[in-house]
Each structure stands twice: as structure tokens, then as C-alpha cells.
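Before any comments, here is the structure.
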Amino acid sequence: MAAVGGVESQPALPDFRARVRLMEMVAMATIVATVAFLTLYPIYYLLQASFDVGLPDTRPPTAYGIANYAKLLDYPAIIWNTLLVTFAATAMALVFGFMAAWILTRTNVPFRRALDQLMTVPYYVTPLLGALAWSFLGAPESGFVNQVWRKLGGTEALIDMTSPFGIAWVMALFEGSVAYVMISAVMQSMDPALEEASQVMGASRRRTMWRITLPLVMPGVLGAAIFVFAEMLGSFAVPLVLGTPARFYVITTAIYHFISQYPPRIPLAAAMGVSLFAVMFAMLWLYRWLTSRTSYVTVTGKAFRPRLMDMGGLRWWLFGIVAFYVFLSAVLPVATLAYAASQKIAVAFPAAANFTLEHFRQALSINAVRVAMWNSLILGAVTATLGVAITGMLAWIILRSKIPGRGALEYLAMFPQAVPRLVFAFGMMWAWLVFPLPIYGTFWVLLIAYLTVFMPLGVRAISGVILQLDKSLDECGQVCGASFLYRLRTITAPLLRPGLLAAWLLIFVASVRELGASILLMGPDSKVMTPAIVEAWFSTSSELTAAMALIQTLVIALVILAFGLLTRRVAHHGAGAQ
Amino acid sequence: MTSTSAPAIAVENLSIRYGTVTAVETISFTVDAGQQLTLLGPSGCGKTSTLRAVAGLEKPTAGTIRIGRRTVFDGSKGLNIPAEQRGMSMVFQSYAIWPHMTVFDNVAYGLRVRNESGAALKEKVHYALELVKMGPYAERNASALSGGQQQRVALARAIAFSPSVILFDEPLSNLDAKLRSEMRIELRELQRRLGVTSLYVTHDLEEALAMSDRIVVMRTGLAEQSGTPAEIYDYPRTEFVADFIGSANLVSGEVVESDARAGTVVIRTAGGNVVHGVTHGRPVGPRGTLSIRTVHFTLAAKSEAGATNVWPARIIRSVFLGDLTQVHLDWGGQEIVVRQIGPPVAAAGEVAWLNAAPSQCALLEAGR
């Protein structure tokens, strides 16, 4: 990358220039090859396994065929379950997201800014924690809500979180916040004058809504729908916690089941993984195509201040709706886990003697838990630090360099987004088992997995920051005679710092709570926290699991808080430099 | 639609506040039918808020707004007719061309809202498009237009349904300078031809002077001066207007003589120069400031002795501006800027004779 600046600064020496160009090409080729290796090597082994119809437990395969794919048809229930849960969850998540986005961007709801911040909290609460909590609330027999319902005179269970709709409900609660972020961005990017023009020309509110507003936001909402659908298709934690005990499998949990059962059915699981990946890939391609083709709204990339409709007294109801969503997806789950974890055996109406701190004490004293938590934090910090460096470099090359091959690099770097983490980890597991380097079952393989699966996250976060940085700021430094490295140190890095810090935190949090990849790749000596929580859920008491999940959430919250306090000065300094 | 005898737009004691922020303190003006009134002022002066209040897009805090004989807003009665029922039209700063429609559909919108269809609709849309020279573009997708083309389509859309009042919110500010000066003239012609009443908002002086029948200069939510373009230009009321209109020399001193009936005033500056001017009906205090435009000064190599408003001044430098030459002079310790046609009468460092007709030296009112 240093070569990029060098090209212009030495125009008098063609020989030097040629050498720099050559170095640049070699460096770029190395980078592309590394990223391609990280992202495509596991997929290669996944594909190989899915077509393996030879002798079991023999690698490389002795025969190839499509029998594994044909076998998928023997499991229509899994396909049906997956579609049912995914469609139901997508529909609910979009309703939540659309409603919240409309309320928060278009009406004069009170405390708008606070609500907007709160809408992102479910993302930090995580679907796993939500699934655990909603299991306490809505298990058909022991669920708190059902206990209260029976106390009130009900006979049947009021809600059943182990049903497809229960699973979809919990998934939607947490994905709703993603849908909100996407849809509100679409709504904010619409010039309010487009609606005002219609209104001033005499169109009624309804006409304006149907003819102007909806057609303009629809492509964006549709894009969000496809994105959310793809995410739901690959979602793992919620169906694992809520569905597995009732033998309700969706495709992700089925893959996990086939891999972890004895004897494992690797080729079948691989065929399922490849099919899932193919569908998700197609969906995300569709999403990209749709948003790039019909996004008249976001064409300027400028955020407008939309006109707020005066809702009169209704605005407090709207406030209530959004607040209730945040309550269901963030407050209630955490409160439920706290309530459950502090009882000997969790019930809705405990006797005073039932309360205990034993589970917390136990969770903190189990060596395995302490080690796993510590491992997760270290691994998260290393992943975030390396990840920011690597994805920062990738984003810079993709957006700011003119080196040939940067388009391919972008595709490669964003590729893991189209693969559910569980499936990707499956490919990695299968790949690293035969790789000459003996890192399978160690932290190294987890680190490589995290760096790969969170590459799209990092590249996207940092790209956003780089795009905001006016090119002329750097060019001005160049004209002033500063070398590339000097400019990097004095101009680019200080301006990017707040964004890089935010990306660090994003990758850190994502790594610490990672489940799908970790559950397959961690070894006995490389335990991490989130899979440990899931293991505890299936093998020890649910109260202890609740305590563990709470401790993990608390630790993450503390890290975020400490990070915020530590970087406030830095971020402020960075903003001041702009 | 509305009677032509009453003013087409009448705004009375309008004030607009957002929480603790006052956008418009209080403003009143009327626009006669078929006329164009321009609200002129720097950004943040409340001109756009006023326009949006007339459109019904902004809710004022107090005052009344009448369109023709119909009251559309009355703060004391709590009356606020929504924008869609005010029967106006508007051209937006961002053009607000609907990107999901064709040019034709954009222009036809107001007509379709009014339940027009078929051949009549088609004819009116094409007429409007012809007026703005966008006829061949009817079937284009609106998102594929250049800025200037979007501007024209926005204009066609605003006039297509023959509204009696059109509001313009800085419609030319996103165009480049050349296109802007062309559109200025076209827009003025069109407004005259259609006889439509228009309320126009801009921060661009030339635009306001070229296009308006009347101008209201606004500053921090209040009207600073209102009048015809010539009046505003020749007799700025306050230092703010003189400064905003630009290219004026402000000369202050103690008042040594004044004649209320003749409307004349004489001041003596700190540098000892005596300047004769006109009061233009403005109150005369113990001190006064006169505004003298740069082009209203003349420079001569020689002068008649003892003539009124003739002073010696030393040339500091002259700057060639193309059509004009700008000469900076030291005038008894004060710098005076003169713009004239042709080369300066003397070189830098030499003394020339500066002259200004007393009728061109207008007394200002004390500013706020």
C-alpha cells in the first residue's frame, strides 16, 4: 500500500516506478490469494464432502455423485420447518422493523432519540439469550407466562415457545432491530420535499402515501425483507435452544445434528449446508441487484430530516408500541434470566426460601466457565485488533486504490456473508482436519474462523467510515509534500480513529458471543463462552445456564461501557480534528 | 378560483417559533394578483419558513395568512388549512422530481389530482412541457435528467394545472451561474405571460432584482425593508440592507444641516469632508450615515473649485474587473471604493477629484 503513494511521488524515475508497480502487483496478488484461501478453501471441502458418495470415513472421497442431494428429499419435514419458521419470522421482523421505523422517523413520538438508541439494544442482548429467556417464559408446561395463565384459570398453555411460531417469534424479536435499522435508513434518505410537492399540489394524504411515499420506500423495504429472510434462513441459536428438545429441526440445527451425532453423517450435512448456502447466496445477490438497480431514494446517500407527522394524543400510544418492543426483546429477557437464575428451581411464583445466589456462585466458580469466559475475551480482543487491521487495509484497497483486482477482492471479502457461520465452520472443520498444519481443535482455528466470518462486518463498517472521509483531505496533505506514511499518521488515521474504534467494538462483541462457528470448531482445550452456555443448557440445570448467560451479557456490557469511557476522549479528539 | 381585486396573498403579523427558536419574529406583506414578491435575505433570516408557512407545510405560531379572500391560517382562531387544500403550487429547491415516474407523469400529477384525464390532460401536460422547452423529454424517466432539466420539469409541473399562486423556494440555487442567469429571465417571462401570482424566496440579490415586482429584505425573522427593486437598490433603509445589497460606501458623520421639507441633509465626516445627501423621508438625528453606491461616484482629474460634493482623494490602487475598473481611494482617512467604466484618471498615489450627486447619497435609518 505504501507503494500507492510512491508511484506519484517519484515521477522522474521510470525504472523505480516500474519496480514499485511490480511490488504493488505482487502485494495485491498475495492479499487476494490469502483472502481467497480463507474464504474459498473451506467451501471447496464442503462441496467435496457434499458430493462424496464413496466409502465412509475415507478421504479424499473414493467416488463422487449427487446421491447426498437426492437424500435431502427424504427430509421434507426439515425443509418445511425451515420455510415455515423463516417466512413467519421474516414477516414478523419486518412488521416490527417497519412499524418502529415509521414511528421513529415520521411521527412526533416523544423521546425519539432515546427510543432510536434503545432499538439497537436487542442486537446486544443476542438471540441466544433471548431464546433462553423466552424458554423460561413460554415453555408449554413450566413457562412463567403459562403458569400465570393457569393461575388465572386457563387450562391449556397460553403460549408455546417450542412451536414453530414460538421459535419464529423469538427470532423476529431480535431480527426486528436489524430490519428497523435498514428500513429507517431508507425512510431517512427520502427527500421530504418529494412528499411536500405532492401535498402542495393538492393531493390528499392518502394519495401522497400511495403514489409517492410507498413507491419510493418499497424497493428499500423489499431489500430489507430479502436480507432479513437470508439471515433468518441461516439462524441457528434460537431453533437450537427452543426446537431441539422437542425434536423440531430446521436446516441449520439439522446440519449440526448430523455432524455431531454418532456416527456423523458428514456428506448429508454437507449437502444440506451447500443447499442452504446456495439459497442464501441467491437471496443476497438478489438483494444487491435490487438495491443497486432501483434505489432512487438512496441515490444521493444524503440523510434528510423527514417531516414529522403530528399525531396528537396518539403519539403516546406510538411511544408505547416501540417501548413495548424494546421491553419484549431486551428488558424482559434479561429480567427473566435474572429472576430464573436467582431461584433454586425457577417458577413463576417462588416461595421466599426458593431464592438463592447459588447459581451465580457456581457459575463463577466452575473452572470451565471461568476459562471459557477468559478465552472468549482474549480471543475477541485479538480478533478485533487483527480484524480491524486486516479489514481496514482491505477496505482501503477496495475503495481508495487503483490497483487492478480490487473488485475481485471486494467480492471475496464479502463472500462469507452469504454463508451461515455454522456451515462455514463445518467447511473449515472438514478442511483443517486434513491440512498439514496441526491447528485443528486449537485457538488458532477459532481465530482464523472468526477473522474470516467477520471479514464482511469489518469491511462494511470501515468502508462506511472511509467513504465519509473526503478524498481531498488526503490529497491536500499530498500536495503539501507529505509522504504516504506521514499522511497516514497525521491525516488519515486521526480522522478514521473513531470509526476504527467502533469497528473494533463491533467485531469484539460479535466474536465474544459467536456460536455457530465456535460450537463446531472449539476443542476440549479451547472452550469459549457461548457454546459453553449452550452445552450447559442441554447438560446441566437451566437456572445455572441463565446465570452463565447473564454473566456473559454483563461482562460484554462492562466491556462496552469501559470502551466507551476510554475512547470518548479519543473519539472526541478525532471528531475535533475534522 | 379567487377574486382578483383582493391581494392574492396577504400575510399579517406572522410569527413562527420552534420551541425556543424563533424563525420568524413577525412579518406582514401582501402580494397583488399577477405580481411577484421576493423574500430576500441571508440564510437563517426566516424567508423559507415564511414561504413554507404560506404553503401550509409549516405551522406558524401566530398571525394570519389569506390566499385571495380565503383565510388559510389564523393563529387566534386555531385555523390551519392543510397544504393540499390551499390550491397552490410550489417549486422546491431540491426540485423534488419524483424519481419513480416519467417526466409526463410528474407534470400530469397536479392535473390528475384534479381529476383531469384523457386528451385534455395530455394537451395541458404537453403545453406545460413546451413552455419550459422540455417537450421531447415527456417519456423520459425522471431519474435520468440533469439538474437543469429537472429544474424545468419542476417548473412545468408547478404550472401545468394553472394554479393562481406559485411558491418558489430558491429554485435556481442549485444551477450553475450561466444557467441560472438564463433561467432568471425565462422564469420572469413565464410568470408575466401566465399572469400567475408568485412568492419567491432567494438569497441571491441579482435574482431578486431581476425577477421581482416587489422585494422584502428579511433579517433574523423580521422585514428589514420592503419596496420595488429600484427602491431597495437606490435607497437601502439600513446599514444591513446597504451591506447585503452590496457595493455601497457607507459614510458617517455629524449632521451639520438638514431641511426636512426639501429632504436634504449635510454631514461632516471625521476626516473633515462635508457630504450633501437626501433624507428620503427618513428621520434625521445628531449623526447620520449616508449610503453611496460605488457606481454613483465619478472621478475627475480636475475639478471646479467650491462645488458641492467634490473632494480630493488619493488613489490607493485600481483593479481591472473587465467591464468596470474598481478604484480604491483614501478619502480623508476612509477608504472609498469606486467603480467606473474605462481606465482610472490618475495613477496610484496621485490625487483625483471624487464627486457624487447629492441625490445619490441616501440617508440610512439607524439599524437594530
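The values are calculated or read from the model by the stated rules, or taken from the named source; none is laboratory data. Given the structure is predicted, the values throughout are model-derived calculations rather than measurements. Cβ: placed from backbone, ideal geometry, glycine included. Neighbour counts: every protein chain shown. When the accessible area is computed, the model is the full protein with side chains, heavy atoms only, and any ligands, DNA or RNA have been set aside. Shrake-Rupley method; radii C 1.70, N 1.55, O 1.52, S 1.80 Å.
Close Lys pairs in the stretch B:9-234 (alpha-carbon distance under 21 Å; sequence gap of 8 or more, or different chains): 5. With 40 Å² as the minimum drop in accessible area between chain alone and full protein complex (1.4 Å probe), the qualifying residues in the stretch B:90-107 are B:Phe92, B:Trp98, B:Pro99, B:His100.
Whole Å is fine, so just give me how far the alpha carbon centre of the stretch B:1-52 lies from that of the stretch A:59-91. Distance between centres, Cα-based: 67 Å.
When GluC sites (Glu not before Pro) are flagged only if DSSP places them in a loop and at most 15 other Cβ atoms lie within 10 Å, the longest unflagged stretch of chain A comes out as A:157-578.
Going through the stretch B:95-152, which GluC sites (Glu not before Pro) have at most 16 other Cβ atoms within 10 Å and a DSSP loop state?
Working: sites: B:Glu116, B:Glu123, B:Glu130, B:Glu139; in loops: B:Glu116, B:Glu139.
Loop-located and lightly packed - B:Glu139.
Taking each residue as 0.36 nm, the span from A:Gln261 to A:Ile66 lengthens on full extension beyond its C-alpha to C-alpha distance by 68.0 nm. With both residues required to sit in the stretch B:9-234, DSSP beta bridges show an antiparallel share near 55%.
With each label point set 7 Å from Cα along the Cα-Cβ vector, what nm distance links A:Leu40 and A:Ser483? Spacing of the two 7 Å Cα→Cβ label points: 3.6 nm. Between the stretch B:280-355 and the stretch A:375-429, what is the separation of their alpha carbon centroids in Å? Centre-to-centre distance over Cα atoms comes out at 70 Å.
Can you give the FRET efficiency to the nearest 0.05 for A:Trp444 and A:Ala335, using r as the Cβ-Cβ distance and R₀ = 35 Å?
Numbers: r = 39 Å, r/R0 = 1.11.
It comes out at approximately 0.35.
Given 0.36 nm per residue, what is the gain on full extension from B:Val256 to B:Leu79 after removing their alpha carbon distance, in nm? Net length gain for the segment: 58.4 nm. Interface between chains B and A: roughly 2000 Å² of accessible area buried, both sides summed (probe 1.4 Å, protein heavy atoms only).
Give the calculated FRET efficiency between A:Leu566 and B:Ser359 to the nearest 0.05, with a Förster radius of 56 Å applied to their Cβ-Cβ distance. Efficiency, from the Cβ-Cβ distance: 0.20.
Here the protein assembly as shown carries DSSP beta bridges of which approximately 75% are antiparallel, counting only pairs with both residues inside. Taking only protein heavy atoms and a 1.4 Å probe, the accessible area of the stretch B:239-363 is 51% carbon and sulfur. Each Lys and Arg adds +1 at its Cβ and each Asp and Glu adds -1 at its Cβ; summed about the Cα centre, the protein assembly as shown shows a dipole of about 640 debye. Accessible-area rank, largest first, for B:Asp213, A:Asp525: A:Asp525, B:Asp213, with all protein chains present and a 1.4 angstrom probe. For the pair B:Tyr127 and B:Arg188, a Förster radius of 30 Å applied to the C-beta separation gives a FRET efficiency near 0.95, rounded to the nearest 0.05.
Only Cα pairs under 8 Å and 6+ residues apart enter the sum, and on that basis the relative contact order of the stretch B:239-363 stands at 28 percent.
Taking every DSSP helix (H) stretch of at least 4 residues in chain B, weighting each as -39,500 (n - 2.57) and dividing the sum by the residue count yields a mean residue ellipticity at 222 nm of -7000 deg cm²/dmol. Membrane-span-like helices in chain A, defined here as complete DSSP H runs extending at least 30 Å along the helix axis by their C-alpha atoms with mean Kyte-Doolittle hydropathy no lower than -1.0, are A:14-50, A:76-106, A:164-188, A:266-293, A:367-400, A:542-577; this is a sequence and geometry rule, not a statement about a membrane.
Only DSSP H runs of four or more residues enter the estimate; each adds -39500 (n - 2.57), and after division by the residues of chain A the mean residue ellipticity at 222 nm equals -23000 deg cm²/dmol.
Placing dummy labels 7 Å off each Cα toward the beta-carbon, the span from A:Arg59 to A:Asn108 is 6.5 nm. Sequence-distant contacts, meaning Cα pairs under 8 Å at least 6 residues apart, place the relative contact order of chain A at 19 percent. Ignoring lysines fewer than eight residues from A:Lys471 along the same chain, the ones with Cα atoms less than 23 angstrom from its Cα are A:Lys302, A:Lys402. Averaging 1/r across all pairs of distinct Cα atoms in the protein assembly as shown and inverting the result yields a Kirkwood radius of 33.7 Å.
Could you provide, to the nearest whole Å², the per residue accessible area of the protein assembly as shown with probe 1.4 Å?
Accessible surface, normalised per residue, equals 45 Å².
Which shape class applies to the stretch B:1-100: rounded if a/c is under 1.5, otherwise prolate when a/b exceeds b/c and oblate if not, where a ≥ b ≥ c are the square roots of the Cα gyration tensor eigenvalues? Walk me through the intermediate numbers first.
Values: a/c = 1.34, a/b = 1.04, b/c = 1.29.
Here the stretch B:1-100 falls in the rounded category.
A full extension of the chain between A:Ile378 and A:Ser204 corresponds to an added length of 56.8 nm, given 0.36 nm per residue minus the alpha carbon distance. Label zone (A:Leu286, point 7 Å along Cα-to-C-beta; backbone nitrogen cut-off 12 Å) within the stretch A:387-418: none. The aspartates and glutamates within cross-link reach of B:Lys302, meaning a Cα-to-Cα straight distance under 14 Å and a gap of 8 or more places when in the same chain, are B:Glu350. Per residue, the average separation of C-alpha pairs within less than 8 Å and at least 6 apart gives chain B a relative contact order of 15 percent.
Quick one: with all protein chains in place, what share of the accessible area of chain A is carbon or sulfur, to the nearest percent (1.4 Å probe)?
On the way: 18300 of 26630 Å².
Its accessible area is 69 percent carbon and sulfur atoms.
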